[in-house]
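Working notes, beginning with the structure itself.
The values are calculated or read from the model by the stated rules, or taken from the named source; none is laboratory data. This one's a predicted model, so the numbers in the text were calculated from it and none came from an experiment. Don't worry about glycine lacking a Cβ; one is built from the backbone with ideal geometry, like all the others, and counts go over all protein chains shown. Remember, those area values only see protein heavy atoms, side chains included, never the ligands or the DNA or RNA. Shrake-Rupley method; radii C 1.70, N 1.55, O 1.52, S 1.80 Å.
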Amino acid sequence: MNTPPLNDNQKQALLREAAAKLGKSPAELTAALQKNDVASLTSALSPQNAAKLEALLSDEAAKNALLARPELQELLRAWDKKGGADG
């Protein structure tokens, strides 16, 4: 299945939502992702969820499969229409 790439609004909405779930600011999350610093992202997660996140982030095929899921695409479209996770 060919899934269109995320637009900027969808990326920002996803970033804000993920940051909120991890107890980080979007800037902190962005910096950690750019440094590939998974440890700083997993501190607020249970050990099981931290392991799942680390496995997902280390598997390019798994990341692409997650982003291609119709449910995630629909969620991103809904966020985009509402003006992001904060709207």
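Taking the numbered list (1) open to solvent by less than 40 Å² (accessible area, probe 1.4 Å); (2) part of a loop (DSSP other than H, G, I, E, B) in turn, A31 passes all entries but (2). For E54, state whether it is among the charged types (D, E, K, R) and closer than 17 Å to N7 by Cβ. Answer is no for this residue. Taking segment 34-47 as the range and being surrounded by fewer than 16 Cβ atoms within 10 Å (Cβ to Cβ) and polar (S, T, N, Q) as the test, the residues that pass are Q34, N36, S40, S43, S46. Whether a residue is part of a loop (DSSP other than H, G, I, E, B) and either in contact (Cβ under 8 Å) with a residue 12 or more places away in the chain or closer than 17 Å to L6 by Cα (or both) was assessed, and L45 passes this test. Could you please let me know if L75 is free of Cβ contacts under 8 Å to residues at least 40 places away in the same chain, surrounded by 15 or more Cβ atoms within 10 Å (Cβ to Cβ) and under 20 Å from Q10 (Cα atoms)? So L75 passes the test.
Restricting R77, R16 to those that are among the charged types (D, E, K, R), part of a helix (DSSP H, G or I) and modelled with pLDDT under 80 reduces the list to R77. Among the residues of segment 6-42, those identified as in contact (Cβ under 8 Å) with a residue 24 or more places away in the chain, closer than 19 Å to A68 by Cβ and under 10 Å from the mean Cα position of the chain (by Cα) are A13, L14, E17.
Every listed requirement among (1) over 12 Å from the mean Cα position of the chain (by Cα); (2) in contact (Cβ under 8 Å) with a residue 60 or more places away in the chain is met by P70 save one, (2).
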